[in-house]
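Shown next, in structure tokens, is the structure this report addresses.
The values are calculated or read from the model by the stated rules, or taken from the named source; none is laboratory data. Worth saying up front: this structure is predicted, and the values here are computed from it rather than measured. Here Cβ is always computed from backbone atoms with ideal geometry, including for glycine, and neighbour counts include all displayed protein chains. Surface accessibility is based on the protein's heavy atoms, side chains included, excluding ligands, DNA and RNA. Shrake-Rupley method; radii C 1.70, N 1.55, O 1.52, S 1.80 Å.
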Amino acid sequence: MDYLSHNIAVNLKRIRTSKGMSLDVVAEQTGVSKSMLAQIERGTANPSIGVLGKIVSGLRLDFNELIQTPPLDSYLVRTEETPPIKEVPGQYRVWNCFPIEDNHMVEIYRIDIEPDGIYASGSHGERTREYLAVMEGELTVELKDGGHIVTAADVFRFESDQFHRYINNGDQKVRFMTFFVAY
């Protein structure tokens, strides 16, 4: 089953049960047969655009509600088992743990910077604030107003609508988490 069929299957069942509706009631409201709805929820059917249109119309949904990534109660990201999205050997590695698409408000990254390594980052756009927490080492965050030293005992926040650099001036790896919040 591809990711889109999976999303539709999970979302349709979640929406139907959250509304307290049986497959019979959904079939009546949408004009889609009960057996087709059951196949869609099991992920064994490949519904046409017309069938999906009947479902969103009959249930008064936005089409995106049906195809978006389903919400999860919990999700574990093992960064050491995940390939980094950016890497310069001997300098830094960056993992996107939770992309902005998950919730449209927060994006979470883990970044490791080797000794004497520098990771430069452009603006993340207006109305975006960055929070970072150092887990290991000492990090210098260079902004237009100067450098800020952040240690494992600190948490730092800044407006990320500006060019900035993360610098490891130490002799040990710096490991930190950074959270981008759109407001």
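For the reader, a short list of remarks on this structure follows.
- Extreme residue, farthest from I49 (Cα to Cα), among residues of the range 70-109 that are touching a residue at least 60 places away in the same chain (Cβ under 8 Å) and open to solvent by 100 Å² or more (accessible area, probe 1.4 Å): M105
- Restricting the range 118-154 to residues that are assigned to a strand (DSSP E or B) and among the polar types (S, T, N, Q) leaves a set whose member that is nearest to G170 (Cα to Cα) is T140.
- Verdict on V26 being in contact (Cβ under 8 Å) with a residue 60 or more places away in the chain and under 26 Å from L72 (Cβ atoms): no
- Under the condition of being over 16 Å from R93 (Cα atoms) and at pLDDT 95 or above, the residues counted in the range 107-131 number 3.
- Qualifying residue in the range 50-60 (condition: surrounded by 14 or more Cβ atoms within 10 Å (Cβ to Cβ), among the hydroxyl-bearing types (S, T, Y) and in contact (Cβ under 8 Å) with a residue 24 or more places away in the chain): no
- Checking each residue in the range 1-21 for being out of contact with any Asp or Glu (no Cβ under 7 Å at 6 or more places or on another chain) and open to solvent by 50 Å² or more (accessible area, probe 1.4 Å) picks out M1, D2, Y3, L4, H6, V10, R14, T17, S18, K19, G20.
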